[in-house]
Amino acid sequence: MANLTAVTAFLLRGFSAVPELQLLSTATFLLIYLATVLGNITIVAAVTHDARLHTPMYFFLKHLSLVDICSVSTTLPRALVATMLGSREISLCACASQLFAFVCLGSTECFLITSMAFDRCLAIYKPLVYTAIMSPQTCVSLVAVAWGSGLLFSAFHTANTFSLPFCGPNVIEHFFCDIPPLMRLACANADAHEAAGSTASGCIIMSCFALTVLSYVRIVATVFQIHSTAGRWKAFSTCSSHLATVLLFYGTGSSAYMQPAASYSPMQGHVAAVFYSVLTPTLNPLIYSLRNKDMKRALKKLYLQVPF
């Protein structure tokens, strides 16, 4: 190890290793990025300006949209600029910062989705005490816990990853700095670091997932106790959008962070990353705006106020 030179910068592979597809993929991801930012900003603006949406559910949704904006802005702009300018180099510090921000935002979203599941469960299971329990102070506390937990979780993963020595090769088989492709580049045995990271991720992801599942078990049990079909549909429709977000988030994110780095495939990693880091933030605004009458009304009101 004494004759090896420490890596001070990495090279990102980009969206595609095929030069002919670079322009097409860049244009596609640019459009997706603009749509994602615009869609989530619209959700934030609609919730902020419509007094009827000043409820716990939409308070969490607004923060979820803010997280999605930051998350997609952490990865795509740099990758797009690097591809267009032909410069794929990213310094060690910049790579660590990008990893820290991305993991922090992803884990914060995980905690927010869990808080939203608890909110929906309480609204359906205990409607009489819902307002008293889900007070503004409670909502702010849950969001603060989500951000604080995300920062701690991200600090652990960043330290766990970059405490490994990197001495070449320095080409990251990805379009941003992520944990699995980085661990493959370590010039030391990363088994202990991989095990620690997988254990931490497993505990957080499975705990949040278990709490979300328990919330929906309680929701389903309560809904089936409602005698009228219309009442059942009305109760379940209040959480259908969130359920779609849960399935999308866990279905894409778990495939990337719940497998060992030794079995990591660059192609599989690219596909999984596109789903959990790009498509999920893009689809969340559509999920909540297309299946929610209150949100549709708020968006229509917002668009009528925008001068063209």
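Rounded to the nearest 0.05, what FRET efficiency do residue 170 and residue 279 have when you use their Cβ-Cβ distance and R0 = 30 Å? It comes out at approximately 0.55.
One chain, two ends: residue 224 and residue 301. Fully extended at 0.36 nm per residue, the span grows by 24.2 nm beyond their Cα-Cα distance.
Which one of 40, 160, 284 has the biggest mean-square fluctuation once the chain is modelled by GNM with Cα springs under 10 Å? Per the Cα network of the chain with a 10 Å cutoff, 160 tops the list. Amide H contacts for residue 9 (H built 1.01 Å from N in the peptide plane; partners 5 or more residues away or on another chain; cut-off under 5 Å): 92.
Per the Debye formula on identical point scatterers at the alpha carbon atoms of the range 111-239, with no solvent, log10 I(q)/I(0) at q = 0.22 Å⁻¹ is -1.24.
Each of 160, 69, 15 was scored by the projection of its Cα onto the charge dipole of the chain, and the greatest displacement toward the positive side belongs to 69; charges sit on the C-beta of Lys, Arg, Asp and Glu. Subtracting the Cα-Cα distance of residue 54 and residue 195 from 0.36 nm times their residue separation leaves 46.5 nm of extension gain.
For trypsin sites (Lys or Arg not before Pro), no site in the range 70-122 is both called loop by DSSP and has at most 10 other Cβ atoms within 10 Å. Taking 72, 278, 220 in turn, the Gaussian network model of the chain (Cα-Cα springs below 10 Å) assigns the largest fluctuation to 220. Backbone phi angles across the range 114-130, fed through the Karplus curve with coefficients 6.51, -1.76 and 1.60 (θ = phi - 60°), yield HN-Hα couplings of 5, 4, 5, 5, 4, 4, 5, 4, 5, 5, 8, 7, 10, x, 6, 10, 4 Hz in residue order; Gly and Pro are listed as x. Remark: the chain carries 49 Å² of accessible area per residue (probe radius 1.4 Å; ligands, DNA and RNA excluded).
Taking the accessible area of the range 1-147, probe 1.4 Å, and keeping the other protein chains in place, the carbon and sulfur fraction comes to 72%.
Charge tally for residue 226 (other residues, Cβ to Cβ under 11 Å; Lys, Arg +1; Asp, Glu -1): +2.
The values are calculated or read from the model by the stated rules, or taken from the named source; none is laboratory data. Note that this is a predicted model, so its numbers are computed, not measured. Using ideal geometry, Cβ is built from the backbone for each residue, glycine included, and neighbour counts are taken over all protein chains shown. When the accessible area is computed, the model is the full protein with side chains, heavy atoms only, and any ligands, DNA or RNA have been set aside. Shrake-Rupley method; radii C 1.70, N 1.55, O 1.52, S 1.80 Å.
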